[in-house]
Amino acid sequence: MDNRKMLWLKGEEMIKQMNRWKNIMQNESKFTQAQIDNFTIQSSKTIVDMGLFSYAIEDYMTDNLK
């Protein structure tokens, strides 16, 4: 599989997990909307940051995910 495709699939999986946890938080009354929004923002930033560095880690992932 192409390395960029693999990175894209990993990012897609991370987004699904973020949305899963966001839904769990929304169903729990102990979380405020501000906390949920902060979680979403921070998670999204992490995913974007990983995308920006994807080329730098491409060789590492290729060698270690075989």
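The values are calculated or read from the model by the stated rules, or taken from the named source; none is laboratory data. A quick note: this is a predicted structure, and the numbers were derived from the prediction, not measured. Methodologically, a virtual Cβ is constructed for each residue, glycine included, from the backbone with ideal geometry; neighbour enumeration extends over all protein chains shown.
Selection of region 33-46 for residues being more than 15 Å from the chain's Cα centre (by Cα) and loosely packed, with under 11 Cβ neighbours inside 10 Å yields GLN33, ALA34.
Identify, from the list LYS16, LYS30, LYS5, the residue that is of a type in the set (D, E, K, R), part of a helix (DSSP H, G or I) and either under 12 Å from the mean Cα position of the chain (by Cα) or modelled with pLDDT of 90 or more (or both).
Details: LYS30 fails: part of a helix (DSSP H, G or I); LYS5 fails: either under 12 Å from the mean Cα position of the chain (by Cα) or modelled with pLDDT of 90 or more (or both).
Just a single option satisfies the conditions, and that option is LYS16.
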